[in-house]
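**Student:** Below you will find the structure I want to go over with you.
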Amino acid sequence: MELPLLTDLYQFTMAYGYWRSGRHREAAEFELFFRDAPFSGGFTLFCGLEETLRFLRDFRFSRADLQYLASVLPPSVDRGFFDYLETVDASEVMLASFPEGSVVFPREPLMKVRGPLLVVQLLETTLLCLVNYASLVATNAARFRLAVGPEKKLLEMGLRRAQGPDGGLSASKYSFIGGFDCTSNVLAGRRFGIPVAGTVAHSYVASFSSMEEVQHQVLLPAGGQDSHVDFLSLSQSWLQKVCHLLRIPPGGTHLGELAAFVSYAIAFPLNFLVVVDTYSVMMSGIPNFCAVVLALRELGYEAVGVRLDSGDLAKQSVEIRKIFQLCAQKFEAPCFRTLSIAVSNNISEKSVKTLTQAENEINVIGVGTHLVTCPLQPSLGCVYKLVQVNDQPRMKISEDQEKSTIPGSKAVYRLYDCSARPLLDLMTLEDEPPPELGKEVKVYELGRSAETESVTPIRAEPLHRPYFQHGQVLQSLPTITDIRSYAQRSLTSLSPQQRQLDDPQPYRVAVSEKLHGLLSTLRRSSRHLQ
């Protein structure tokens, strides 16, 4: 997309006000942050940096952009303003940021954006758009990962329910960073290198009604040296044996379903995974599936597994696993021991916790709507606030204290104790020296700013890194797989109590004594002016 105009009109009216008053070149700094962790949780995963850097690198207005702007701004706007905008780019902008995939917390600056006042003002809406949803859906995905644990695979399958194609692509990308293993979104796989996965839908199974509809009935054995085998007849033969083992009456399974499974197995003998609940799972889907698995095995192929999309998923998975074990033993077919059981069916964070806490034999969980639309909280609520102009701190002092800002250009450090666990995140003024290791540091915790305490850090990690300056990205960006790994490491650095999905222990964010003093001074000055 062409992003320079992907912003609110008032950014341009403010820009014109700066230009008209001769203030457009003044040095300014904004910060991007959020006030509360989403989903009533204890953490957020910061994402959207790569898109932000691409946006800054390409930021400039075309003549067509400016012609359109002239048509929507009041006719009193001086034409010289548009001539000036034609020269504007981000070559004087400096951006420092947390690394993408970092675990972050309320009120700390995720990004610091410094440059000419007019330019950094124009960036506001676009940067918020690029960071808000990316961080929200990555955090949502991380919560699903924490709910299911590290063993089960998670498949993102929300494209059809996403808020448009851009939302769908973003959801696939940031769900992967948040901890999902693969996506059903083919374009996301191509564009971002995310593993793609998919099976067969109920429509494919329901499209078959009889064995006569399997027009190509033969399959070449895996070795490829023998002649083609009548795979349909082979599967029917095995179905009789399976039904006898499971005590299902002859002819009791849905033959259209068997025809669908045979057809799909002939098409994908190395990737046979089908949905088994189009009709009756235990009386039709599973027997038909097992028959085709045994036919594939006879020709040297191994099936992948089944997918369930309805009913009591945990209970059914246990019952299915017992049947697989019975077939493995009865037919001397060890391939049944490694078959995967995948589930879907409008999985939410609540239902996935219930599902995984119950006895189950599930290997893969597919999540769509409740992942990509984030229904528990549809917006992260990041804001972009002015903190400094011409090296002078600026502060918004609101009647709602939560909406007050923290002034001045800041550095952020993560302080660690002797067990390598984070003690807290400390915001200092940028010109302050970093905390001294092994020595007490006086801090004021946000939310308890009237109280002071002392902490002794063993390690102090600077959290901001310079990423953009002089119109150039300053460092090579990690791959999406590296970002995903970094995000998981960031999360595991927190204590189990801080990672809890319900009623987590709050992570502490504090300010230094000097920054606290600046806050107090500006608040007193504001009260005096009133």
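The values are calculated or read from the model by the stated rules, or taken from the named source; none is laboratory data. Because the structure is a prediction, the values reported are computed rather than measured. Reconstructed Cβ throughout: ideal geometry from the backbone, glycine too, with neighbour counts over all protein chains shown. These accessible areas exclude ligands, DNA and RNA; they are computed on the full protein's heavy atoms, side chains included. Shrake-Rupley method; radii C 1.70, N 1.55, O 1.52, S 1.80 Å.
**Student:** Anything in the range 454-489 that is out of contact with any Asp or Glu (no Cβ under 6 Å at 6 or more places or on another chain), closer than 30 Å to VAL441 by Cβ and of a type in the set (Ser, Thr, Tyr)? List them, or say none.
**Tutor:** Those that are out of contact with any Asp or Glu (no Cβ under 6 Å at 6 or more places or on another chain), closer than 30 Å to VAL441 by Cβ and of a type in the set (Ser, Thr, Tyr): TYR467, TYR486.
**Student:** Within the group LEU169, LEU130, LEU159, which residue is among the aliphatic types (A, V, I, L, M) and free of Cβ contacts under 8 Å to residues at least 24 places away in the same chain?
**Tutor:** Only one candidate qualifies: LEU169.
**Student:** Being of a type outside the set (Asp, Glu), assigned to a loop (DSSP other than H, G, I, E, B), at pLDDT 95 or above and closer than 21 Å to CYS335 by Cα: is that true of LEU245 here? Spell out how you get there, then give the answer.
**Tutor:** Numbers: of a type outside the set (Asp, Glu): yes; assigned to a loop (DSSP other than H, G, I, E, B): no; at pLDDT 95 or above: yes; closer than 21 Å to CYS335 by Cα: yes.
Against the criterion (of a type outside the set (Asp, Glu), assigned to a loop (DSSP other than H, G, I, E, B), at pLDDT 95 or above and closer than 21 Å to CYS335 by Cα), LEU245 does not qualify.
**Student:** Further question: Condition first: of a type in the set (A, V, I, L, M) and either at pLDDT below 95 or open to solvent by 10 Å² or more (accessible area, probe 1.4 Å) (or both). Now tell me which residues in the range 249-265 satisfy that.
**Tutor:** If the condition is that a residue be of a type in the set (A, V, I, L, M) and either at pLDDT below 95 or open to solvent by 10 Å² or more (accessible area, probe 1.4 Å) (or both), then LEU255 is the only one that fits.
**Student:** For the range 323-339, which positions are within 14 Å of GLY305 (Cα to Cα) and surrounded by fewer than 13 Cβ atoms within 10 Å (Cβ to Cβ)?
**Tutor:** PRO334, ARG337
This table checks each residue for (1) in contact with a helix residue (DSSP H, G or I) (Cβ under 9 Å, 6 or more places away or on another chain); (2) under 25 Å from MET157 (Cα atoms); (3) of a type in the set (Asp, Glu).
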| position | (1), (2), (3) |
| --- | --- |
| LEU294 | yes, no, no |
| ALA303 | yes, yes, no |
| VAL318 | no, yes, no |
| CYS327 | yes, no, no |
| ASN346 | yes, yes, no |
| GLU349 | yes, yes, yes |
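**Student:** Given the conditions (1) part of a strand (DSSP E or B); (2) open to solvent by 30 Å² or more (accessible area, probe 1.4 Å), report the number of the one that TYR413 does not fulfil.
**Tutor:** (2)
**Student:** For the range 446-465, give me the residue count where each residue is under 29 Å from the mean Cα position of the chain (by Cα) and at pLDDT below 95.
**Tutor:** Going through the range 446-465 one residue at a time, the tally reaches 2.
**Student:** Moving to a separate point now. Inside the range 20-98, counting only helices (runs of 4 or more DSSP H) that do not spill past its ends, which hold 1 or more residues that are farther than 21 Å from GLN475 by Cα, of a type in the set (Lys, Arg) and open to solvent by 20 Å² or more (accessible area, probe 1.4 Å)?
**Tutor:** Passing ranges, in order: 63-72, 79-85.
**Student:** Within the range 229-241, identify whether any single residue is in contact with a helix residue (DSSP H, G or I) (Cβ under 8 Å, 6 or more places away or on another chain), assigned to a loop (DSSP other than H, G, I, E, B) and surrounded by 12 or more Cβ atoms within 10 Å (Cβ to Cβ), and answer yes or no.
**Tutor:** No: the range 229-241 contains no residue that is in contact with a helix residue (DSSP H, G or I) (Cβ under 8 Å, 6 or more places away or on another chain), assigned to a loop (DSSP other than H, G, I, E, B) and surrounded by 12 or more Cβ atoms within 10 Å (Cβ to Cβ).
**Student:** Kindly evaluate ILE406 against the criterion of being assigned to a loop (DSSP other than H, G, I, E, B), surrounded by fewer than 20 Cβ atoms within 10 Å (Cβ to Cβ) and touching a residue at least 60 places away in the same chain (Cβ under 8 Å).
**Tutor:** no
**Student:** Turning to a different aspect of this structure: Search the range 381-394 for residues being touching a Lys or Arg at 6+ places or on another chain (Cβ under 8 Å) and not basic (Lys, Arg), and hand back the single one that is modelled with the lowest pLDDT.
**Tutor:** The residue in question is GLY381.
**Student:** From VAL343, VAL383, VAL387, which residue is crowded, with 16+ Cβ neighbours inside 10 Å, within 15 Å of PHE144 (Cα to Cα) and of a type in the set (Val, Ile, Thr)?
**Tutor:** VAL343
**Student:** Output the residue which, of all residues in the range 160-172 that are under 11 Å from the mean Cα position of the chain (by Cα) and open to solvent by 10 Å² or more (accessible area, probe 1.4 Å), is nearest to VAL137 (Cα to Cα).
**Tutor:** SER170
**Student:** Scan the range 345-361 for residues that are touching a Ser or Thr at 6+ places or on another chain (Cβ under 7 Å) and either of a type in the set (Phe, Trp, Tyr) or over 11 Å from LYS315 (Cβ atoms) (or both) and jot them down.
**Tutor:** Let us first name the residues in the range 345-361 that are touching a Ser or Thr at 6+ places or on another chain (Cβ under 7 Å), namely 345-346, 360-361.
Within the range 345-361, ASN345, ASN346 qualify.
**Student:** Let me ask something else about it. Report, by residue number, each residue of the range 250-259 that is part of a helix (DSSP H, G or I) and closer than 15 Å to SER280 by Cα.
**Tutor:** Those that are part of a helix (DSSP H, G or I) and closer than 15 Å to SER280 by Cα: LEU255, GLY256, GLU257, LEU258.
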